[in-house]
Amino acid sequence: MILCVYALVMSPPARLGVSGVTGERLRVVTVDRISAVVGEVNRAPAPGVRNLRRYAAAVEFITSKVPAILPARFGTTVADPDELTFILRSRRATLRKRLRAVHGRIQMTIRLLESESGDRSSPSRSTVTGRTRLRLEYGATQGTQYLQRRRETAAKARAVPAFESIRGVVGRDIKDERVEKRSGVVTINHLVPRGSAIRYRDAVERAARENGVRLIVTGPFPPYAFADTW
């Protein structure tokens, strides 16, 4: 048997009362005040539609029971409790910081076409590897110049011109943001207070209509896009 990890959480209840992808009972393992929700399985679950839906349902249920959650990537497994303990202890500072960041917050997601966003820049995912090649590409010969160019490039990759007027309307609710541009679609994930989801959605949709921007707002979701440290 191995452990399938569903999420890292803060202040979980003594009993969750929820099953995992294979029907296994989920339980909480706490190490140095970081709690992991796990289930015992024979092997890592296969990423089929049915299993993905069960995983999402389990994570959403867990989210409703805790003030902070970092969902694990689907199918994340560890060999035994000792390996889980090692991971949690070795990353405890980073994990605690991320749990504090998502405390009392959920994810809202906006999608729009790049043609709507007013952005004609190249995709945000770079295929260049290696420090030397990056420095040559950006024309930087000094360390400070290199870092400055990297910051400018990262900022450009996150820029969505058509969304700026909308961001101003909901800016007070946005605690963090992740932007991804792929295959002509811009995905903007926002971390917002749990109690502001309806207000956020209404404000975004109203501002989009007023500014002639076509987009789709979905959520609230567990903060999948903000669990990158796990």
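Quick one: is ARG214 in the same structural domain as SER165 (by TED's automatic domain parsing), in a loop (DSSP other than H, G, I, E, B) and either surrounded by fewer than 18 Cβ atoms within 10 Å (Cβ to Cβ) or in contact with a strand residue (DSSP E or B) (Cβ under 7 Å, 6 or more places away or on another chain) (or both)?
yes
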How many residues, within the stretch 183-207, are farther than 24 Å from ALA101 by Cβ and out of contact with any Lys or Arg (no Cβ under 7 Å at 6 or more places or on another chain)? 6
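So for the stretch 129-137 (the condition being over 19 Å from the mean Cα position of the chain (by Cα), crowded, with 17+ Cβ neighbours inside 10 Å, at pLDDT below 95 and not assigned by TED's automatic domain parsing to the domain that holds ARG178), does at least one residue qualify?
Step one: list which residues in the stretch 129-137 are over 19 Å from the mean Cα position of the chain (by Cα), which gives 129-137.
With the extra rule that they be crowded, with 17+ Cβ neighbours inside 10 Å, the set shrinks to 135.
Still in the list and also at pLDDT below 95: 135.
Imposing the further condition that a residue be not assigned by TED's automatic domain parsing to the domain that holds ARG178 reduces the set to 135.
Yes, because at least one residue in the stretch 129-137 is over 19 Å from the mean Cα position of the chain (by Cα), crowded, with 17+ Cβ neighbours inside 10 Å, at pLDDT below 95 and not assigned by TED's automatic domain parsing to the domain that holds ARG178.
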With respect to the numbered conditions (1) under 30 Å from GLY195 (Cα atoms); (2) exposed (fewer than 11 other Cβ atoms within 10 Å of the Cβ); (3) of a type in the set (A, V, I, L, M), which one is the sole condition not fulfilled by ALA79? (1)
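The values are calculated or read from the model by the stated rules, or taken from the named source; none is laboratory data. Remember, it's a predicted structure, so these values are computed and weren't measured experimentally. Ideal geometry is used to build each Cβ from the backbone, glycine not excepted, and the neighbour counts take in all protein chains shown.
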